[in-house]
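Novice: The structure is given below, and queries will be raised subsequently.
The numbers here are math on the coordinates, done by the rules we state, and not lab data. Quick caveat: nothing in here was measured; it's all calculated off a predicted structure. Cβ placement follows ideal geometry from the backbone for every residue including glycine, while neighbour counts extend to all protein chains displayed.
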Amino acid sequence: MENLKAIIIGAGMGGLTAGIALKQAGYTVEIYDRVSELRPAGAGISLWSNGVKVLNRLGLGKAIAGIGGQMDRMAYYCMTGEVLTDFSLQPLVEAVGQRPYPVSRTDLQTMLLHAFGADEVQLNSKCVAVKQDETSVTAIFEDGRQETGDVLVAADGTHSIIRSYVLGQQVERQYVGYVNWNGLVPISDDLAPATSWVIYVGQHQRASLMPVGGGQFYFFLDVPLPKGTESQPETYQKELSSHFKGWAQPVQTLIQRLDPHKTNRVEIHDVPPLETLVKGRIALLGDAGHSTAPDLGQGGCQAMEDALVLATMLQTTNLSVEDALKRYEVARKERVADVVSRARKRSNVTHGKEPEQTQSWYKELETEDGSRIMDAISRTILAGPLG
């Protein structure tokens, strides 16, 4: 279909990637975001090879390679510091045909904004409602403005306002059961090897360090806690020292070294797989359509896959926008449902929902040579639209 005008609500990773893909398809694209200043949610992201392949397809391969971290190995340690398994990721790279690039979210967002055109994103534009008829779709903003186009992409995140319109009902986010502290620290040998993704596990908790670009590690610390626990940056280090008491020295060093005022603390939620991703001329994309726990590292990658598939369907089918969006839904619905479900299952194993399962996973890691872990990751990657 030619000369379409696409309205995208949300200038996060999914919205920007969709904007780039649709622009490259020759469409007029307008992106709106409610914030007055674009700041990424979270500090870093493990951009696996399926997400990188989408960026490669969009001509951003060199750009992502320039800002991504050099992650050559993966290692699990028990909480007291003994190595459970440590292996090269090269077999995974060869199996899927592309390196992963863990990246700081700020660097990734800056890159995507530059590729789309930073001055073309319209801020202070909170979409509060949508309406559509046979020939067009309209976004209605809080200040009374209305913008009309041929297709509307709801990339407005896990708290999506447009999701309720598409589904015809409200969907509640569900607490996955753990709190995640995350941020960036300088790469340093007393924390982890510079090109390794290192994860300490024990007591149903995790402490992880992953190399991103710019000489930094992206770190996260996970603790199963009841929903609604209060916490302030001033007490993060004290709390974490208490939760990780007796853990190996690199974990203690990380807790002392992190900057609490630049550390995010997130209660992890997901949304169960949705019945539909589209309604007429409106498509849900990214977290609006499949809000997932981060336990497979696939949230951002799935948003990027969405963006590419959506642009492809609009470009390659010419019956109608509604028909193209239905094809998008068919191509994406099972894929994203599978990722959401498996991420939740993975989280349950990692965080002690059934303690015996978690203990048996710890035992398995002692005999793991990397092949099972890499096989699981590569199956997820290869099930994507670019193989």
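Novice: With 10 angstrom as the radius, rank V153, V266 by how many other C-beta atoms surround their C-beta, starting from the fewest.
Specialist: On the way: V153 30, V266 14.
Sorted ascending by nearby Cβ count, the order is V266, V153.
Novice: Ranked highest first by the average count of other Cβ atoms within 10 Å around their residues, in what order do 309-322, 222-235 fall? Don't skip to the end; give the middle numbers.
Specialist: Details: 309-322: 19.0, 222-235: 12.7.
My ranking of the peptides, most packed first, is 309-322, 222-235.
Novice: So which DSSP H runs in the chain come out at 18 Å plus along the axis (Cα) with average Kyte-Doolittle of at least -1.0?
Specialist: Values: long enough: 299-316 (26 Å, 0.62); 321-350 (42 Å, -0.90).
What comes out of the filter, once short or polar helices are dropped, is 299-316, 321-350.
Novice: Taking neighbour Cβ counts within 10 Å as the exposure measure, how do H269, H159 sort from fewest upward?
Specialist: On the way: H269 17, H159 11.
Going from least to most buried by this count: H159, H269.
Novice: Out of all DSSP beta bridges with both ends in the chain, state the antiparallel percent to the nearest 5. Numbers along the way, then the final one.
Specialist: Values: 47 of 67 bridges.
Just about 70 percent of them are antiparallel.
Novice: May I ask you to sort D375, D86 by Cβ crowding, counting other Cβ atoms within 10 Å and putting the fewest first? Before the final figure, lay out each step's value.
Specialist: Working: D375 13, D86 16.
Fewest to most other Cβ atoms nearby, the residues stand as D375, D86.
Novice: Taking the Cα atoms of the range 225-285, what is the range of coordinates along each of the three principal axes, in descending order and whole Å?
Specialist: Projected onto its principal axes, the Cα set of the range 225-285 covers 54, 23, 23 Å.
Novice: Among all the lysines, which ones have a C-alpha under 20 Å from K279's C-alpha, if same-chain residues fewer than 8 places away are not counted?
Specialist: K5, K131, K326, K333
Novice: Would you tally the net charge around Q232, using a Cβ to Cβ cut-off of less than 15 Å, leaving Q232 out, and scoring K and R as +1, D and E as -1?
Specialist: Values: positive: K238, K262, R265; negative: E230, E234, E239, D259, E267.
Local charge sum for Q232: -2.
Novice: To continue, here is another question. Would you mind computing the Rg to Rh ratio of the range 317-365 from its alpha-carbon coordinates, Kirkwood style for Rh?
Specialist: Values: Rg = 18.4 Å, Rh = 13.3 Å.
Looking at the range 317-365, the ratio lands at 1.38.
Novice: When only Cα pairs under 8 Å and 6 or more residues apart are kept, what is the percent relative contact order across the chain?
Specialist: In percent, rounded to a whole number, it is 23.
Novice: Just to compare against my own numbers: the Cα pair-distance distribution for the range 20-141, 10 Å bins, whole % per bin, please.
Specialist: 11, 29, 29, 18, 10, 3, 0
Novice: Now for a different question. Cα-based Rg (one decimal) and Dmax (whole number) for the range 42-110, in Å?
Specialist: 13.8, 44
Novice: While we're on this one: I'd like the projected area of the range 230-387, averaged over all directions, using the convex hull of its alpha carbons. Report it in nm² with one decimal. The partial results should precede the final answer.
Specialist: On the way: hull surface 49.8 nm².
One quarter of the hull surface, i.e. the mean projection, equals 12.4 nm².
Novice: How large is the Kirkwood hydrodynamic radius of the range 77-121, counting all unique pairs of alpha carbons, in Å?
Specialist: Numbers: mean 1/r = 0.0710 Å⁻¹.
That comes to 14.1 Å for the range 77-121.
Novice: Restricting attention to the alpha-carbon atoms of the range 153-312, what are Rg (one decimal) and Dmax (integer), both in Å?
Specialist: 18.2, 56
Novice: Another question, then. Would you mind listing how long the chain runs along its three principal axes, going by Cα atoms, in whole Å with the largest first?
Specialist: Principal-axis extents of the Cα atoms in the chain, largest first: 63, 45, 38 Å.
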